[in-house]
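Taken together, the values in this text are just the output of simple stated rules run on the coordinates, not laboratory data. This is a predicted model, so every value here is computed, not measured. Heads up, the Cβs are rebuilt from the backbone with ideal geometry, glycines too, and the neighbour counts pull from every protein chain shown.
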Amino acid sequence: MAVMEAAFDPAFGEAWNRGQVENALLLGNCYYHLITPDGQEAQAGDTVAGFALLRQVLDEAELLLFAIAPDWRRRGLGDILLQKTTSKAEDRGICTILLEMRRNNPAEFLYRKHSFRQIGVRPKYYRAIDGSRIDAITFERKLDAG
Ligand SMILES: CC(C)(COP(=O)(O)OP(=O)(O)OC[C@H]1O[C@@H](n2cnc3c(N)ncnc32)[C@H](O)[C@@H]1OP(=O)(O)O)[C@@H](O)C(=O)NCCC(=O)NCCS
């Protein structure tokens, strides 16, 4: 939750609160990965630099949230965490990872680097805190498991 609260720009209202995360994890089809500042899988008590939260339905997964805390950005941790997320997804039998992102989020460069391709646009789908509307861009990555 500390990474969640630090990582997402409040202007867009994208961060989830603790209750939302707990509810997702209680559903049983959501899972997450945590990464330490030195790029390892975080264990209990470790400092956490970033996380990925996914929901799996059959052989598809949706990347619900993905973040690296501001203090640890531009050091390759996003690359490491996304690589781990996709390889673990293959292990789980996932063939397709889907995600949705607001237009102009720099995360797009990361996703494109990792072979996600744009498959759709939902015009003016998100409402920013200031009331402005922002398109949602949908990306897909096919995995070797498929
Ligand atoms: C997107 C995010 C996860 C990137 O994490 P990071 O650890 O800084 O990423 P990395 O250092 O591993 O960078 C990997 C690649 O991502 C791209 N990238 C990352 N941040 C970027 C930025 N601000 N501008 C342009 N490209 C960027 C680059 O292609 C980079 O590869 P390169 O170093 O070879 O150029 C991080 O900025 C973040 O948490 N953002 C806020 C949360 C968010 O919007 N998440 C996505 C939607 S859920």
With the condition kept exactly as written, say whether any residue in the range 103-118 is in contact with a helix residue (DSSP H, G or I) (Cβ under 6 Å, 6 or more places away or on another chain), assigned to a helix (DSSP H, G or I) and not acidic (Asp, Glu).
yes
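Could you count how many residues in the range 100-138 are of a type in the set (A, V, I, L, M) and closer than 20 Å to PRO70 by Cα? Steps first, please.
Step one: of the range 100-138, the residues of a type in the set (A, V, I, L, M) are 101, 107, 110, 119, 121, 128-129, 134, 136-137.
Restricting the remaining residues to those that are closer than 20 Å to PRO70 by Cα gives 101, 107, 110.
The qualifying residues number 3.
Go through GLU22, GLU41 for me and flag whichever is touching a residue at least 40 places away in the same chain (Cβ under 8 Å), more than 23 Å from PHE139 (Cα to Cα) and exposed (fewer than 14 other Cβ atoms within 10 Å of the Cβ). Reasoning before the result, please.
On the way: GLU22 fails: touching a residue at least 40 places away in the same chain (Cβ under 8 Å).
GLU41 is the lone residue from the list that is touching a residue at least 40 places away in the same chain (Cβ under 8 Å), more than 23 Å from PHE139 (Cα to Cα) and exposed (fewer than 14 other Cβ atoms within 10 Å of the Cβ).
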Apart from one, (1) outside any loop (DSSP other than H, G, I, E, B); (2) within 13 Å of the ligand (Cβ to nearest atom); (3) small (Gly, Ala, Ser) all hold for SER87; the odd one out is (2)
Among residues of the range 98-144 being of a type in the set (Val, Ile, Thr) and in contact with a strand residue (DSSP E or B) (Cβ under 6 Å, 6 or more places away or on another chain), the residue surrounded by the most Cβ atoms within 10 Å (Cβ to Cβ) is ILE137
Every listed condition ((1) more than 8 Å from the ligand (Cβ to nearest atom); (2) in contact (Cβ under 8 Å) with a residue 40 or more places away in the chain; (3) at negative phi; (4) not in a strand (DSSP E or B)) holds for ILE80 save (1)
Expected output for the range 55-74 (first residue free of Cβ contacts under 8 Å to residues at least 40 places away in the same chain, partner loosely packed, with under 15 Cβ neighbours inside 10 Å and in a helix (DSSP H, G or I), Cβ below 6 Å, 6+ apart or cross-chain) is none
The lone condition CYS95 fails out of (1) surrounded by fewer than 19 Cβ atoms within 10 Å (Cβ to Cβ); (2) within 17 Å of SER115 (Cβ to Cβ); (3) within 8 Å of the ligand (Cβ to nearest atom) is (3)
Reported set for the range 103-124 where residues are more than 8 Å from the ligand (Cβ to nearest atom) and of a type in the set (Lys, Arg) is ARG103, ARG117, ARG122, LYS124
Within the range 37-74, of all residues that are near the ligand (Cβ under 9 Å from one of its atoms) and outside any strand (DSSP E or B), the one farthest from LEU25 (Cα to Cα) is ARG74
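How about the range 66-79: which of its residues are crowded, with 19+ Cβ neighbours inside 10 Å and more than 13 Å from ALA6 (Cα to Cα)? Spell out how you get there, then give the answer.
Applying the first criterion (crowded, with 19+ Cβ neighbours inside 10 Å) to the range 66-79 yields 66-69, 72, 77-78.
If the condition is that a residue be crowded, with 19+ Cβ neighbours inside 10 Å and more than 13 Å from ALA6 (Cα to Cα), then LEU77, GLY78 are the ones that fit.
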